[in-house]
Amino acid sequence: MPVKSELLYEGKAKRVYRTGDPDRYLVEFKDDATAFDGLKKGTIARKGEINARLSALFFQVLSRRGVPTHFIEQTGPRELLVRAVEIIPVEVVARNIAAGSLAKRLGLAEGTPLKRPVLEFYYKSDALHDPMINNYHIAALELATDTQIKEMESYAWKVNELLTEFLQPADLVLVDFKLEFGLFHGHVLLADEISPDTCRFWDGTSGEKLDKDRFRRDLGGVEDAYEEVLSRVEKLLQ
Ligand code: C5P
């Protein structure tokens, strides 16, 4: 069993530890939840376990279908063993339906299907509040090379296609999601997590929100929504 050594990083939802192997980290998922740039804080019961499990399952589905990820194995209820990537400080957001900040920015009614899916980049910087950036900014700030940007784009489209199709039989609509990538011995790998914290999932029949928007917007039923997504995804894989 890999052992946790030095705490390398503590974020809003996860802790990352070094292990005895310089190529591997342990990621521990917390129940803590934040929104609106850290202004809203709370906890979501069992979130750590649910997000660790869902991330493990999504990463397995994606890597089997050709998307390289940092995931190695799940080592505890809220703990994943991953490749020791260096995170590229660019968040990649893909969107199929207008919601959240896109609906606001472009004056679209939430729920409007986009004629073509949209990809956006954000600069991962707490001090700057994660501003939206484009390929030129990424190159100017040397956040990633042109090749790495192309790889992130192409993996993000592939994730969108694969997860949309995977979730459809569970009557879950993938509205939008955020990905992070990392470098591992020069290779771009999908990293971080894929969960109701980082994706918008809507029930395909009722349109009910089954993700962190329930926490952000005080809609109630937050824990139940996270549990519901996990139980539907587990059923798909049975
Ligand atoms: O807030 P916005 O509409 O831009 O979010 C788009 C998608 O990215 C949502 O699925 C949201 O959960 C995710 N996101 C995230 N982390 C952020 C910002 C957005 O996971 N810091």
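The numbers here are math on the coordinates, done by the rules we state, and not lab data. Small disclaimer: the values here were computed from a predicted structure and weren't measured. No Cβ is skipped: glycine too gets one built from the backbone with ideal geometry, and neighbour counts run over all protein chains shown.
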Open item on the list: Please determine whether any residue of segment 132-139 is more than 12 Å from the ligand (Cβ to nearest atom), out of contact with any Gly (no Cβ under 9 Å at 6 or more places or on another chain) and not in a helix (DSSP H, G or I).
Closed with: yes
Open item on the list: For segment 104-119, check the following and say yes or no: at least one residue is in contact with a strand residue (DSSP E or B) (Cβ under 6 Å, 6 or more places away or on another chain), near the ligand (Cβ under 9 Å from one of its atoms) and under 19 Å from R216 (Cβ atoms).
Closed with: no
Task: Checklist (1) surrounded by 14 or more Cβ atoms within 10 Å (Cβ to Cβ); (2) touching a strand residue (DSSP E or B) at 6+ places or on another chain (Cβ under 8 Å); (3) more than 25 Å from L162 (Cα to Cα) applied to R46, failing item - done: (2)
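Conditions (1) within 20 Å of I194 (Cα to Cα); (2) surrounded by 17 or more Cβ atoms within 10 Å (Cβ to Cβ); (3) in contact with a Cys (Cβ under 9 Å, 6 or more places away or on another chain), marked per residue:
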position: T75; (1), (2), (3): yes, yes, no
position: E79; (1), (2), (3): yes, yes, no
position: D126; (1), (2), (3): no, no, no
position: H137; (1), (2), (3): no, no, no
position: D146; (1), (2), (3): no, no, no
position: E153; (1), (2), (3): yes, no, no
position: E161; (1), (2), (3): yes, no, no
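Let's see how each residue does on (1) touching a residue at least 24 places away in the same chain (Cβ under 8 Å); (2) in a helix (DSSP H, G or I); (3) of a type in the set (K, R):
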{"site": "L81", "(1), (2), (3)": "yes, no, no"}
{"site": "A103", "(1), (2), (3)": "no, yes, no"}
{"site": "G111", "(1), (2), (3)": "yes, no, no"}
{"site": "R116", "(1), (2), (3)": "no, no, yes"}
{"site": "Y122", "(1), (2), (3)": "yes, no, no"}
{"site": "M152", "(1), (2), (3)": "yes, yes, no"}
{"site": "K158", "(1), (2), (3)": "yes, yes, yes"}
Task: Counted residues, segment 216-228 - those being assigned to a helix (DSSP H, G or I) and away from the ligand (no atom under 16 Å from the Cβ) - done: 4
Open item on the list: Just to verify a result, which residue in segment 183-215, among those that are of a type in the set (V, I, T) and within 16 Å of the ligand (Cβ to nearest atom), is nearest to A33 (Cα to Cα)?
Closed with: T198
